[in-house]
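Just below is one structure, and these are the notes that go with it.
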Amino acid sequence: MNESGLIARSERFLESIKDRKVSLDDLKSVEGFIDLYTYLRGNLEELQDLKEAMELRGFKYPFRSISGYSSQYSPEIAEDVHDIKRHAQYFRMKASTKKNLLDRVNSAISSHRIALGNLEEYALLRCPDCSRSLRLSEVEYQDVLDGVMCPCGSGMMEIEFSGSAICRPEIIPHLPLSGDYMVKMSELSLWARKAFKKIMRLFKNEKKGAVRSATLVIKVLEDGRWIRRRITIDSDDDDYERMLRQRYGPNVRIELIQFHRKKSSIINDRYTRTALALGYAGLSHDIIMDIKERVYTEKLRDYDAVKRYRRILFEARTYSPDLRLSEEELQEVRVQKMHALLHEAGLGDARGRLNRELREDLEVMEKVKRELFRDVPVNLVLWDVALYYLGTSLDRRSKHSGPFPNLRPVLDRSQVRTFDELSRDAVDLLNTCWEGGMVYIDKLGDVLLKKFEIEDKMKGLHMKPNPLAFGAAVLHMEGETDIETCAEIFHVSVDEVVEEKRNIENLGKPSTDRAKMFLNLIKGD
């Protein structure tokens, strides 16, 4: 397929994804769930094929082929300058189309992976006879369509929705599944855009990685003159001085070294970060739209007066007298109209000065939107990622993408501080006005750090803890949260949490008489 055909095929496919609206009603029945899952999984395979074809045809670096065009031309071809510029503009536009289309495909792929990760956590295939369970990711795409036969031979395995899954399938309708992330960003309200930017910043928290290469400024003695050069050396060998002497001889001096490091973010893909931020911002926008009237009524002293003020403001801004007025005169008439309406409603004086109580309520409303509403999506995504870290094993985070593709399996001490951004007010709002099921943890980052330390100690011990109960036990021990609440968060029993807590406390201690005797011999007791 030529480039034009590939572009047309990609655009048609992305537009077909955009035309199909994904609804949460699809998750309420087994038939709807299977239809949605197979649809998204089929889309992902097609998108990956398109991406591979695009990269093979140079869509990833499309401007390299036109880098030879320049604004400097020789006098001999001065009469052809106009044609050359016109052709160069055509090729630049075509290269821009290729780059934007591949960018949109990459965004769609990341969104589909997030959606499929949530669905695969949300449901399992379970045999009604032998109780064997399989994840949907472990089954071939065609088998999901036709039905999966249980290895025990009893019959077809059935879809079963998990009540203890760590996922948020509600974000799927808000993901840019067709790669239209710029459109979805433009549809966000002001506070949602601020939340989007904050989520992007938090998940781009980069750690100081290993040295990838180094740029050196050196001086070399050539023909009796010192020549300054700038070179880049890979980090395979960190003995830079020896390498330089082998290449340039003994007369070489290093003036400056600049190291380039591999920086790993919490989520190592900008398309995934963008899709997650949009998904949680969109979900939070729907939540806020349902509860904002209740919030304003509780936070403001006279919400009815604020609503009257906003109606007057709209009426004055759209007021158009039947007169021929200039733009400046029209604005002045509208201001006077607003002052008169406010004075008639008892919300201000004749000069437009608002009542003190109304001014204070408007300031409180702006603060609620600027801080409280903005923190809702940030809290939601931080809470979900923290629960995923606590409720999964290191092996699973390393080998499976889950609902958070490209998530680092382990974070360092500076990166876990990201999870200290939880807002108590936003947690209280979600728990009061929406079924959030969240608990405010003062230093959630320290809880995660302790979980990573315990996992490191468990390496090679062949322990097989219950991941959810294990995470609940760590949260109870390090987060100063009662054991019943922790068990409820992870949907496990208190007895399971107590057992995992006991295993954590006994970690590293001798468990048998022979091990105790050996330890005493070493100590000399």
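Charging the Cβ of each Asp and Glu at -1 and of each Lys and Arg at +1, and nothing else, the dipole of the chain about its Cα centre rounds to 2320 debye.
Taken one residue at a time, the phi angles of segment 161-169 give Karplus couplings (6.51, -1.76, 1.60, θ = phi - 60°) of 7, 8, x, 10, 5, 9, 7, 9, x Hz. Gly and Pro are set to x. Evaluating 6.51 cos²θ - 1.76 cosθ + 1.60 at θ = phi - 60° for every residue in segment 479-494, the Karplus couplings come out as x, 6, 10, 5, 5, 5, 5, 4, 5, 5, 4, 9, 6, 10, 7, 5 Hz, glycine and proline recorded as x. Taking 37 °C and 0.692 mPa s as conditions, the chain diffuses translationally at an estimated 114 µm²/s according to Stokes-Einstein applied to its Kirkwood radius (Cα pairs). Helix content alone sets the calculated 222 nm mean residue ellipticity of the chain: runs of n ≥ 4 DSSP H residues at -39500 (n - 2.57) each, divided across all residues, give -18000 deg cm²/dmol. The residues of segment 211-261 have, on average, 71 Å² of accessible surface per residue, using a 1.4 Å probe with all protein chains present. Evaluated at q = 0.16, 0.20, 0.25 Å⁻¹, a Debye calculation over the C-alpha positions of segment 211-261 (equal weights, vacuum) places log10 I(q)/I(0) at -0.43, -0.64, -0.94.
Packing around the peptides 497-505, 219-227, 357-365, taken as the average count of other Cβ atoms within 10 Å per residue, puts them in this order, highest first: 497-505, 357-365, 219-227.
The peptide list 455-467, 479-491, put in order of mean Cβ contacts within 10 Å with the highest first, becomes 479-491, 455-467. For Thr432 and Asp49, what is the calculated FRET efficiency with R₀ set at 51 Å and r taken between the beta-carbons, to the nearest 0.05? Given R0 = 51 Å and the Cβ-Cβ separation, E is 0.60. You can think of it this way: the chain between Arg370 and Glu421 has 16.8 nm of extra reach, that is 0.36 nm per residue less the Cα-Cα gap. Rounded to the nearest Å, what's the spacing between the alpha carbon centres of segment 221-277 and segment 360-412? Just the number, please. Here the answer is 36 Å between Cα centres.
Among the protein heavy atoms of the chain, carbon and sulfur supply 47% of the accessible surface, probe 1.4 Å, non-protein parts ignored.
Annotation: cysteines of the chain without a disulfide-compatible partner (Cβ-Cβ under 4.7 angstrom) are Cys167, Cys433, Cys486.
Computed with every protein chain present, the accessible area of Arg374 is close to 60 Å² [probe 1.4 Å]. Residue ranges 427-438, 94-105 sort as 94-105, 427-438 when ordered by packing (mean number of other C-beta atoms within 10 Å per residue, highest first).
Tyr440 sits with roughly 60 Å² accessible to a 1.4 Å probe, with DNA, RNA and ligands left out of the calculation. When the charge dipole of segment 334-451 is built from unit charges on Cβ atoms (+1 for Lys and Arg, -1 for Asp and Glu) and taken about the Cα centre, the candidate among Pro405, Leu372, Leu382 whose Cα reaches farthest toward its positive end is Pro405.
The values are calculated or read from the model by the stated rules, or taken from the named source; none is laboratory data. None of these values were measured; they are calculated from a predicted model. Here Cβ is always computed from backbone atoms with ideal geometry, including for glycine, and neighbour counts include all displayed protein chains. The area values use the complete protein model at the heavy-atom level, side chains included, leaving out ligands, DNA and RNA. Shrake-Rupley method; radii C 1.70, N 1.55, O 1.52, S 1.80 Å.
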